[in-house]
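Only one structure is covered here, and it is reproduced in the block below.
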Amino acid sequence: MGRSSGSSRPDREEKVVPTLCSSHCGGSCLLRVHVKDGVITRIETDDSNEPQLRGCMRGRAYRQRVYAPDRVLYPLKRIGERGEGKFQRISWDEALTTVASELKRVRDTYGPASIMLAAMGGDVTMLHRAHLVDRLLSMAGGYTHTSGITSFGQGMFSSIATYGTLYASNDRADLLNSRLIILWGFDPAKSVNGTNTAWYLARAREKGTRIISVDQVFSDSAATLVSASGGWIPIKPATDTAMLLAMAYVIITEGLQDQAFLDKYTFGFDKYKDYLLGKEDGIPKTPQWAESITGVSAETIANLAREYATTKPAALLSGIAPGRTTCGEMHHRAASVLAAITGNVGIPGGDAAGRAWESFLGGLPYKISPTRTGMPTAKNPVDEGFPLSKNHLPAYSGPWVPYSRVADALIKGKAGGYYADYKLLFMVNVNFLNAMPNINKVVEALKKPEFTMVMEQFMTPTVKFADIVLPVCTYMERNDFTAGAQTYFYGFQNKAIEPLGESKSHLDICTALAEKLGISDYNDKTEDYWLRHLAQKAEIPDYERFKKDCVYHIETDEPYVAFKEQIDDPEHHPFRTPSGKIEIYSQVMAEWNNPRLPPIPKWIDSIEIPGDPLSEKFPLQLITSHGKRRALGQFETLPWLKELVPQEVWLNPADARARGIKDGDMVQAFNGRGVVMLPAKVTPRIMPGVVQIESGAWYNPDGKGVDRGGNSNVLTTDEPSLAGNFSYNNCLVEVKKVEGQVD
Ligand SMILES: Nc1nc2c(c(=O)[nH]1)N[C@H]1C(S)=C(S)[C@@H](COP(=O)(O)OP(=O)(O)OC[C@H]3O[C@@H](n4cnc5c(=O)[nH]c(N)nc54)[C@H](O)[C@@H]3O)O[C@H]1N2
Ligand SMILES: Nc1nc2c(c(=O)[nH]1)N[C@H]1C(S)=C(S)[C@@H](COP(=O)(O)OP(=O)(O)OC[C@H]3O[C@@H](n4cnc5c(=O)[nH]c(N)nc54)[C@H](O)[C@@H]3O)O[C@H]1N2
Ligand code: SF4
Ligand SMILES: [Mo]
């Protein structure tokens with residue numbers, strides 16, 4: 001828009017600020033933010049040549065998020081009971097002085113390990129991250145940190161055990177080289193995982209590539225991308241390992257394995273073969289055996305095994321949702337091993353079946369790791385003397401608390417076998433009460449510490465438990481650096497408007513808090529300095545141009561294929577495992593001599609699946625997929641998005657009929673851990689025996705302790721998985737009709 005008259009001031013005219021959304025969905029999309037008089041008036045997205053970085057409904061609704069009435073815009077001090085939500089506005093000076101003095105008091109009275117940092121999601125960027133708090137707390141004397149992550153802890157474990165690295169995924173563009181693509185518990189049409197994932201799948205489908213979905217839900221991806229005949233294979237949640245083992249059994253007994261590949265690149269195949277054939281435990285892992293566990297017919301299992309083994313190259317994209325289960329480590333191991341048995345690792349069009357969301361990006365042609373902040377990390381004195389991992393496999397000992405056990409650790413401390421009694425909880429980039437399993441226990445846990453604080457943008461359920469709240473601005477109100485997941489580019493996030501109220505960026509908050517703590521060498525640089533520094537390390541030639549374009553594409557001759565070097569030139573590029581090969585049999589795991597973490601992938605009895613005695617009382621399996629209208633708990637209160645996707649519990653018509661439930665009825669889903677009340681969606685898009693409540697809805701208990709917000713974590717278990725990760729998708733419930741308003 002041009003300047004119209006001599007009297008108009010430049011800031012009264014509309015400008016368009018290019019930036020990138022970074023909202024924890026695994027995507028990174030271009031937004032063109034229209035700003036007038038310092039106010040965002042509308043948001044457009046990429047409309048250029050394909051492949052575009054086209055934003056979804058959430059990014060395009062971001063204006064409503066910036067100006068939402070429930071944003072936290074001023075430092076707050078709690079004046080009611082924890083959880084009550086009564087706060088008083090205070091000055092930044094008072095807020096920071098209180099936080100600094102509590103940090104010092106707890107450190108000096110109980111030792112630094114009594115300070116617990118809980119950080120998880122939020123915006124996925126490189127500068128204004130929770131890492132700035134890591135550095136600060138380390139420099140202030142140390143803190144207890146968590147081990148494992150919510151998203152793909154099991155996938156990480158498996159990736160290290162099998163391949164010796166976390167970087168096991170290909171460029172999405174390589175999907176165009178596949179002849180068969182299996183979406184195994186993977187729904188990128190909804191849960192994104194790389195902006196262009198669904199776009200490349202659509203192009204593959206147009207080319208005639210067969211696409212199959214193994215999922216208990218006929219997902220958005222299944223509905224739009226999979227092949228018409230036999231494209232959807234419903235499977236009982238948390239039983240996937242059994243099907244993968246049976247597929248390996250069929251391939252081996254029918255001689256369909258890629259023996260040359262196995263001989264050259266893998267370690268321990270014979271031991272796995274013995275297990276599959278039943279030589280080890282007397283149980284051959286036949287398709288009939290797997291049918292009784294998974295609910296998938298033996299014929300379907302055998303057919304998929306044959307198709308996968310004979311249609312090369314084939315990409316088995318193992319999602320991370322089947323991994324977020326009690327024995328999820330075995331799911332990911334079994335998937336990767338199947339990819340190796342069929343020789344699909346390290347070849348164009350194949351896939352290592354590592355984990356489908358490769359947000360760490362290392363190993364790709366990036367010069368810097370997007371998980372690192374632009375600022376150097378500092379040594380945490382609490383960790384000293386404790387090696388974090390043995391041969392890079394996580395060791396859940398020492399001062400670290402497995403993330404799934406944080407609530408338990410806050411409640412029990414040393415008496416529960418944990419390293420310390422936790423007296424101060426510092427929460428950043430996490431809606432802890434919402435995202436953690438077994439919420440009723442989390443409520444108890446949040447009442448325990450002597451001091452709790454949170455850095456947040458919104459008045460979330462978690463914020464209501466904080467003693468001090470520090471207001472954080474959104475990415476529209478600061479500059480930052482980001483990168484694409486699965487498509488290679490660096491992104492610059494341009495500040496579109498000034499921070500609202502008194503909200504501030506992480507860098508400003510942490511720098512000011514460091515000053516209050518008397519740490520003089522925390523930071524003496526500006527945001528611009530650190531962003532230039534990142535751009536320099538990333539070898540971006542023209543910083544100003546980068547800011548203007550917002551996106552710096554990294555050109556490669558061919559789409560990146562993980563482990564191509566190891567396969568093309570094994571002599572010079574061994575796998576980073578003890579044997580230098582793909583470890584079907586993990587030598588590190590063998591040393592542990594732990595029957596629940598065996599060195600080969602095995603079917604291990606699991607909690608809260610059919611067959612568990614609990615299923616007599618709670619016969620339905622609950623899955624808690626990620627929400628369409630949210631990025632985990634973010635965007636939850638936006639009216640535009642609420643209108644588009646109501647929060648519901650999905651039930652199959654057979655299960656609904658048996659309970660007298662009709663579509664739209666108000667129901668309660670419940671188990672021994674809690675009760676949630678929400679409307680029913682009766683649909684054949686979910687298989688019988690399974691119900692779904694999307695995760696991320698904000699916890700909102702009524703006076704009787706029934707959650708009216710639709711948060712599935714009222715029901716989920718905090719029992720850790722085999723290696724201490726999260727078991728969200730192992731959850732038995734019952735559903736009943738109740739009287740109540742659907743609002
Ligand atoms: N039942 C069930 N529960 C789950 C899952 C599941 O599958 N099932 N999935 C789990 C997974 S994979 C994850 S990753 C977790 C994620 O759960 P959370 O870590 O809670 O993730 P978010 O909701 O993305 O972000 C947390 C908060 O960060 C705030 N935020 C955004 N940007 C910033 C910022 O720049 N600074 C600060 N300080 N705050 C910011 C947001 O307002 C938001 O309230 O949830 C887990 N919870
Ligand atoms: N729109 C949106 N996108 C997101 C997020 C979001 O909240 N909203 N969250 C982001 C985050 S933090 C993460 S970690 C990722 C998560 O990404 P994913 O884990 O891939 O996402 P989910 O939606 O939990 O699950 C994907 C599919 O797996 C199926 N599924 C669940 N359990 C099982 C199982 O046991 N076996 C099989 N075979 N299938 C199963 C579900 O029905 C669903 O269709 O997504 C990211 N992207
Ligand atoms: S929420 Fe995710 S998919 Fe949507 S615009 Fe933002 S980065 Fe893109
Ligand atoms: Mo996640």
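The values are calculated or read from the model by the stated rules, or taken from the named source; none is laboratory data. Since the model is a prediction, treat every value here as computed from it, not as a measurement. Positions of Cβ are generated from backbone atoms using ideal geometry, with glycine treated the same way; all protein chains shown enter the neighbour counts. SASA here: full protein model, heavy atoms, side chains in, ligands and nucleic acids out. Shrake-Rupley method; radii C 1.70, N 1.55, O 1.52, S 1.80 Å.
The figures follow:
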item: Beta bridge orientation in the stretch 613-737: antiparallel %, DSSP, nearest 5; result: 65
item: By average C-beta atoms within 10 angstrom, highest first, the peptides 306-312, 541-547, 473-479; result: 473-479, 306-312, 541-547
item: The stretch 10-66: C-alpha gyration tensor shape, a/c 1.5 cut-off, then a/b vs b/c; result: oblate
item: Cα-only Debye scattering, the stretch 613-737: base-10 log of I(q)/I(0) at q = 0.14, 0.17, 0.19 Å⁻¹; result: -0.58, -0.85, -1.06
item: Among the listed pairs LYS423/LYS504; LYS504/LYS537; LYS86/LYS412; LYS271/LYS602; LYS516/LYS537; LYS36/LYS525, those beyond 20 Å (Cα-Cα); result: LYS423/LYS504; LYS504/LYS537; LYS86/LYS412; LYS516/LYS537; LYS36/LYS525
item: All lysines inside 21 Å of LYS264 as judged from Cα atoms, apart from same-chain residues fewer than 8 positions distant; result: LYS273, LYS312, LYS564, LYS581
item: For the stretch 457-501: rounded, prolate or oblate by the Cα gyration tensor [a/c cutoff 1.5]; result: oblate
item: Estimated FRET transfer efficiency (GLU94, ASP542; beta-carbon r; R0 45 Å; 0.05); result: 0.55
item: Helix-only CD estimate at 222 nm, as mean residue ellipticity for the chain, using -39500 (n - 2.57) per DSSP H run (n ≥ 4); result: -7500 deg cm²/dmol
item: Theoretical FRET efficiency, 1/(1+(r/R0)^6), r = Cβ-Cβ of GLU206 and GLU616, R0 45 Å, to 0.05; result: 0.40
item: For the stretch 415-562: accessible area per residue (Å², 1.4 Å); result: 36
item: For the chain: rounded, prolate or oblate by the Cα gyration tensor [a/c cutoff 1.5]; result: rounded
item: Accessible carbon and sulfur surface of the stretch 635-743 relative to its total accessible area, %, 1.4 Å; result: 51
item: Candidate aspartates and glutamates - alpha carbon under 13 Å from LYS547, same-chain residues fewer than 8 apart omitted; result: ASP480, ASP528
item: Exposure of TYR67 as accessible area (Å², to 10), given a probe of 1.4 Å and all protein chains; result: 80
item: Of all accessible heavy-atom area on the stretch 390-510, the percent that carbon and sulfur account for (1.4 Å); result: 45
item: Out-of-range pairs (alpha-carbon distance over 27 Å; input LYS617/LYS662; LYS628/LYS704; LYS190/LYS448); result: LYS628/LYS704; LYS190/LYS448
item: Å² of accessible area per residue within the stretch 65-179, as computed with a 1.4 Å probe and no ligands counted; result: 33
item: DSSP-defined beta bridges in the stretch 10-66 - what % are antiparallel, rounded to 5; result: 90
item: Cα-only radius of gyration and Dmax that characterise the stretch 92-219, units Å; result: 21.7, 66
